[in-house]
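Worksheet for the structure shown next.
No lab work stands behind these numbers, since they all come straight from the coordinates. Computed from a prediction, not measured in an experiment: that's the story for all the values here. Ideal geometry is used to build each Cβ from the backbone, glycine not excepted, and the neighbour counts take in all protein chains shown.
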Amino acid sequence: MKHLISMADLTQEEVIELLDMAEDLKEKRLRGKVTDLLKNKSLAMIFEKSSTRTRVSFEVAMSDLGGHSIYLNYRDIQLGRGETVADTARVLAGYVYAISARVNRHDTLIELAECSAVPVINALSDLEHPCQILADLLTIREYKNRLKDLRFAWIGDGNNVCNSAILGCAIVGMEIIVACPEGYEPDVNIVAKARELGGTVMITHDPSKAAKDADVLYTDVWVSMGEEDEREKRMHDLKDYQINAELVNIAKHDAIVMHCLPAHRDEEITAEILEGPHSVVFDEAENRLHAQKALLLKLMT
Ligand code: CP
Ligand code: NVA
């Protein structure tokens, strides 16, 4: 792997290696052990959209590893005034050891990667969110002690996070079933790719069918960044795709409930479930740090 643009850039061996590294780094951090493997190395982080977790976890990851990160809001750099993506990539690659980017259009990442001499990391696009899924796989493995032969139920919008989850599940051998309304299905090319990788991917319009016997119940917001104009329609179309007590009762008794956050309580998930005993959402958020540290080490050293 030179870049991480899609979850499909990773093989099963690479995913497991990253999770093992992340587990080790997490344990070392708990024991207060420091490592400066990225000393004197910098990461440029381009953001075209808002972020709490991704920005802070990348910044802390770089600082914990002895390196440095540079937050670049696209409006503050020449990219926002019309400098090309290609020129931006070529210039940044002369200064830093890796570039992460959160972009409106997935094609921007592809262009960045094509023109950059250093690794490019997808920090969320309209198509995928692989860093999130790496942290999620780490979280699932912590709770379930395995990844294979689990049943992952996605409830709601078949969005960017869902697309990466489909690929992630296929790569590690986890079955995934997506319950979404008509018109909100995950990307067809992603589903095809996951199946090509040997993944079991099912799509249904019935949330209870997806939740039945699930080990993992996962949801995300009904209105992603950039879709604010569709809010009213989305709230209407997705209203029956909420993770609530009724759905959790259909899943396995020890099912974990996941959400990439930020969450909208009582929209895609009830406050009761988000705060309840099945929820692992804050461990999941913390694991962004550990998983990304592993990724940065793998790509930058
Ligand atoms: N889950 C996630 O990527 O959160 P942020 O948008 O806060 O970075
Ligand atoms: N699907 C959401 C994820 C946020 C982390 C979005 O794209 O806004």
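Put simply, when 201-209, 167-175 are sorted by average Cβ atoms within 10 angstrom per residue, most first, you get 167-175, 201-209. Lys-Lys pairs in the stretch 145-265 that are eight or more residues apart or on separate chains and whose Cα atoms lie under 23 Å of each other come to 8.
Magnitude of the charge dipole for the stretch 1-139, about its Cα centre and with charges confined to Cβ atoms of Lys, Arg (+1) and Asp, Glu (-1), is about 600 debye.
Taking the Cβ-Cβ separation of ARG31 and ARG195 as r and a Förster radius of 30 Å, what is the calculated FRET efficiency to the nearest 0.05? The pair ARG31/ARG195 has a calculated efficiency of 0.10. Estimated from the Cβ-Cβ distance and a Förster radius of 45 angstrom, the FRET efficiency linking GLU83 and GLU230 is about 0.90.
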